[in-house]
Each structure stands twice: as C-alpha cells, then as structure tokens.
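What follows is one structure encoded as structure tokens, with my remarks underneath.
The values are calculated or read from the model by the stated rules, or taken from the named source; none is laboratory data. Keep in mind the model is a prediction, meaning the values are calculated, not measured. We place every Cβ from the backbone using ideal geometry, glycine too, and count neighbours over all the protein chains shown. Please note that ligands, DNA and RNA were not included when accessible areas were found on the heavy atoms of the full protein model with its side chains. Shrake-Rupley method; radii C 1.70, N 1.55, O 1.52, S 1.80 Å.
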Amino acid sequence: MSDLRKNIDTDRLPKHIAVIMDGNGRWAKKRGGIRLLGHRSGAKAVREVTEACAELGVNYLTVFAFSSENWKRPSKEVSGLMNLLADSLQEEFSTLKDNGIRLNAIGELDRLPEKVSTKLQNTIQNTSDGKRMCLTLALSYSGQWDIIQAAKAFANDVKQNNKAIEDLDIDMFKSYLSTKHMPDPELIIRTSGELRLSNYLLFQMAYAELYFTETLWPDFKKKELYKAILDYQSRERRFGKTSEQL
Ligand code: IPE
Ligand code: IPE
Ligand code: MG
C-alpha cells in the first residue's frame with residue numbers, strides 16, 4: 001500500500017466526492033495530438049479514480065463529463081466525445097457490474113444522441129443492484145439548469161396541491177434536485193489549474209471543501225486522489241461555528 005494511502009483515515013472519508021475533470025485538451029496539445037486523444041486518456045483516468053474510490057470506501061463519486069455549455073464546442077469534438085462515451089459505456093459495463101458499482105446520470109439527458117442514451121439507460125438499469133458505490137456521470141449538466149428544473153417541479157407540485165409554499169425548506173428543495181438520492185458532495189476536486197466552478201453542482205456544494213490542482217485530468221492517478229483526500233482530512237470544517245464549538 002502506498003504511503004499516501006496508508007495515511008488516509010478511512011473513518012473520515014468524504015462520502016461523496018465530485019470532480020470537475022478538466023485539462024484533456026491541453027494534455028493532448030502538449031503531446032502534439034488532437035483534443036480527442038486527451039479525452040480518450042481522460043476516460044482511462046475516470047476508470048482509475050472510480051476504482052480508487054471504491055477500494056477506499058467512498059460511497060458516491062460524481063464526475064463532470066460534459067456540461068450544458070460544452071454543446072457549444074466544435075461539432076467534431078462534440079461527436080467525438082459522444083462516440084467515446086458510447087464506447088466507454090459498452091467497455092466498462094462488466095467492470096462496473098463485477099465491482100458492485102451502480103451507474104447513475106444527471107443532466108439534460110434528453111439532449112444526448114440516441115445511441116448514447118440507450119447505452120446509458122441500459123447500463124444504469126443493469127448495474128442498479130450495485131451496493132458498493134454509486135458513480136454518477138454529470139452529462140449535459142449545469143447547476144443552474146438543475147436549480148431551475150427543481151423550481152419548476154416544485155411549482156408544479158404546488159399547482160397540483162401536493163405541496164404548500166410555506167413548507168419549502170432546504171431539505172425539501174434538495175428532494176427536487178437531480179441529486180436527490182445522494183448526500184451533498186463534501187469534496188470537490190478540479191484539475192488543470194482553473195479556479196472556477198463552471199456551473200457544476202451549485203446548490204449542492206454550499207459547504208463542500210474545494211481542492212484545486214494543476215495536474216491535468218489524464219494525469220490524475222490514484223496518488224493524486226489520495227493527496228486530495230489527505231488535504232480534505234487536514235481541514236477544519238466549521239459550518240459557521242467557531243473552532244471551540246466543534
Ligand atoms: C475536460 O477537458 C473535458 C470536457 C470538458 C469534456 P477539456 O476538453 O476542457 O480540456 P481543456 O480545458 O481544453 O484543456
Ligand atoms: C467544465 O470544463 C466542464 C467539464 C469538466 C465537463 P470546461 O473546460 O468546459 O470549463 P470552462 O469552459 O473552462 O469553464
Ligand atoms: Mg476545459
């Protein structure tokens with residue numbers, strides 16, 4: 001076992017880690033390759049980090065794979081990413097199944113091409129009994145979209161007399177978000193040195209610890225994950241209280 005891993009306190013693991021996987025394009029450019037080469041290597045990093053989280057005992061891993069804004073990229077890159085997604089779902093299905101990992105997806109999934117959404121729904125259904133960890137792909141996802149779809153669904157329930165406006169509180173609102181079945185992420189990791197949230201889990205990250213690294217996503221290996229978790233474990237999470245109150 002690596003020294004880094006040995007130092008992790010498995011009783012104080014974040015239950016939910018969310019990752020903004022950034023830097024695939026720059027990784028490819030550094031090697032003189034096309035951007036898609038970086039996305040392919042990025043897919044391998046997803047595999048490695050998923051495995052590492054499952055081995056440690058993290059319950060939820062949510063990866064930002066494609067944002068609502070990413071539809072604005074050149075159509076060749078978008079179709080390359082969609083093909084890669086369809087192929088990866090096909091290739092990884094048995095590994096997920098064998099390791100007790102259930103797949104989940106959040107986002108505007110109706111915007112995905114049919115071949116992706118069919119493979120996605122099949123994999124979600126066929127891994128639904130996985131108890132070890134939940135791997136969520138944020139696909140065609142944006143935090144603002146999530147908040148708006150939740151507000152619409154709540155308004156609709158009010159209109160149907162299923163809910164009363166006075167009863168709306170944070171927990172009830174969360175039950176309308178696409179992440180309703182998971183706890184909020186405690187640790188958000190962003191690779192590639194960009195210091196922004198790019199419309200990720202905006203409502204859910206209210207009290208998440210943020211970890212930024214210069215490492216490009218395809219280079220983010222198990223060791224990098226261990227470093228992020230150790231950093232998380234070194235922090236004092238006060239939730240508005242004073243140190244003395246903890
Ligand atoms: C992240 O890498 C993957 C997606 C957003 C799909 P990028 O493609 O954004 O890589 P950079 O940021 O251009 O290096
Ligand atoms: C955020 O990365 C989205 C994903 C990682 C899927 P981007 O590369 O799209 O973000 P910006 O444009 O640099 O903010
Ligand atoms: Mg980027």
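Under 15 Å from a label point set 7 Å out along the Cα-to-Cβ vector of E214, the amide N atoms of region 21-55 belong to 27.
Solvent-accessible area assigned to carbon and sulfur over region 139-246 amounts to 51 percent, based on a 1.4 Å probe.
With a simple spin-label model that places each label point 7 Å from the Cα along the Cα-to-Cβ direction, the separation between N7 and I147 comes to 3.7 nm. In region 199-213, whose amide N lies under 20 Å from the spot 7 Å out along Cα-to-Cβ of S243? List them in ranges. Flagged as within label range: 209-210. Of all aspartates and glutamates in the structure, the ones whose alpha carbon falls short of 13 Å from that of K221, not counting any fewer than 8 places away in one chain, are E48, E51. With the convex hull of the Cα atoms taken as the outline of region 162-246, the averaged projected area works out to 8.1 nm².
Protein heavy-atom accessible surface, 1.4 Å probe, per residue over region 160-200: 57 Å². What the phi angles of region 183-192 give under the Karplus curve with 6.51, -1.76 and 1.60, with θ = phi - 60°, is a coupling list of x, 4, x, 8, 9, 10, 10, 10, 8, 6 Hz, glycine and proline written as x.
Using the beta-carbon distance between R31 and N83 and R0 = 25 Å, what value does 1/(1 + (r/R0)^6) give for FRET efficiency, to the nearest 0.05?
On the way: r = 21 Å, r/R0 = 0.82.
With R0 = 25 Å, the Cβ-Cβ based efficiency is 0.75.
Please compare each pair in K15/K131; K180/K241; K6/K241; K15/K159; K15/K222; K44/K119 to a cut-off of 25 Å on the Cα-Cα distance and tell me which ones are over it.
Pairs exceeding 25 Å: K180/K241; K6/K241; K15/K159.
Work out how much length L195 to A164 would gain on full extension: take 0.36 nm times their residue separation and subtract the Cα-Cα distance, in nm to one decimal. Don't skip to the answer; put the middle values down first.
Details: separation 31, 0.36 × 31 = 11.16 nm, distance 3.92 nm.
This chain segment gains 7.2 nm when fully extended.
Counting other Cβ atoms within 10 Å, which trypsin sites (Lys or Arg not before Pro) in region 189-236 have at most 15 and lie in a DSSP loop? Walk me through the numbers on the way to the answer.
Details: sites: R190, R196, K221, K222, K223, K227, R235; in loops: R196, K221, R235.
Filter output for region 189-236: R196, K221, R235.
Need one number: the % of Cα-Cα pairs in region 88-246 sitting beyond the 19 Å mark.
On the way: 8439 of 12561 pairs.
So the pairs more than 19 Å apart make up 67 percent of the total in region 88-246.
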